[in-house]
Amino acid sequence: MGIQERERKMYRPLRRAGLEVIPNAVPEGMMPFVAGYGAEDFVGGFSHRYDTPRLVERLNEDGYRLALSSGLFDDRREFLVQMPQGVLTHRAANHKLHWGPRVPPAVWTRVRLLDRWDIMGRGAESAFLGIHAGHPGFAMMALDSSVFVSASTGEMGVDVVAVSRPDRSENILQFLEGFVGRNDTDPDRELQKLITVWLAGRGPRAEHCRPSEPMTTTRPH
């Protein structure tokens, strides 16, 4: 896939949602995948049912407050968002995850939040940050790895959580170490290799520390 196709199919829809893509600007050494965190890793979060009045507006408002309070943005409102390596949409990737062949692992892309934005509406509707408006699905990371923000849709509503220092969380590190050692369920070999390289670059586990005391957050659905 060429640069022009990626610009037309992915970057333009994201720009309409208020995210300007900054190509080839991801800091070195970013952890490739985040999973396995627990409530003790949270530094904030919220949940809204699908029948919440003004759902998209509420999601945007609370999402922005969470981004500010957790430190997702740098001083230029730049951060990372996980995007497919091609132009596979969030919906298509989820379908392939359960029903089709493996797809290349998503990669971090650097973006800047513009003055006018609509992440939970137009962003989710773009199909790269969710299924459709009001049904977001994305992973975001601060440029210094200090916070990870995840949005997911369940049966009843939307859950958004912020995780402190995912690169130092014992829960996450243990999950990743277990994932790279799995052989019985045909895990994603390419992702295993990426995680193995990242873990090897971190040094001894003794250097890891637990995150600071978390803030109270709404229980996910």
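The values are calculated or read from the model by the stated rules, or taken from the named source; none is laboratory data. Quantities reported herein were computed from a predicted structural model and do not represent experimental measurements. Methodologically, a virtual Cβ is constructed for each residue, glycine included, from the backbone with ideal geometry; neighbour enumeration extends over all protein chains shown. SASA here: full protein model, heavy atoms, side chains in, ligands and nucleic acids out. Shrake-Rupley method; radii C 1.70, N 1.55, O 1.52, S 1.80 Å.
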| request: Note down all Cβ pairs under 8 Å where the first residue falls in region 1-20 and is part of a loop (DSSP other than H, G, I, E, B), the second is buried (at least 19 other Cβ atoms within 10 Å of the Cβ) and among the aromatic types (Phe, Trp, Tyr), and they're at least six residues apart or on different chains. | output: 17/117; 18/117
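A quick yes/no check of all residues on (1) surrounded by fewer than 18 Cβ atoms within 10 Å (Cβ to Cβ); (2) at pLDDT 95 or above; (3) not hydroxyl-bearing (Ser, Thr, Tyr):
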{"site": "5", "(1), (2), (3)": "yes, no, yes"}
{"site": "10", "(1), (2), (3)": "no, no, yes"}
{"site": "13", "(1), (2), (3)": "no, no, yes"}
{"site": "24", "(1), (2), (3)": "yes, no, yes"}
{"site": "34", "(1), (2), (3)": "no, yes, yes"}
| said: Given the condition at pLDDT 95 or above and of a type outside the set (S, T, N, Q), answer yes or no: does some residue in region 80-99 qualify? | reply: yes
| task | Among the candidates 110, 116, 168, single out the residue that is of a type in the set (Lys, Arg), open to solvent by 20 Å² or more (accessible area, probe 1.4 Å) and not in a loop (DSSP other than H, G, I, E, B). | result | 110
| task | Identify, from the list 66, 72, the residue that is open to solvent by less than 30 Å² (accessible area, probe 1.4 Å), modelled with pLDDT of 95 or more and assigned to a helix (DSSP H, G or I). | result | 66
| Do we find a residue being in contact (Cβ under 8 Å) with a residue 60 or more places away in the chain and in contact with a helix residue (DSSP H, G or I) (Cβ under 6 Å, 6 or more places away or on another chain) anywhere in region 22-30? | no
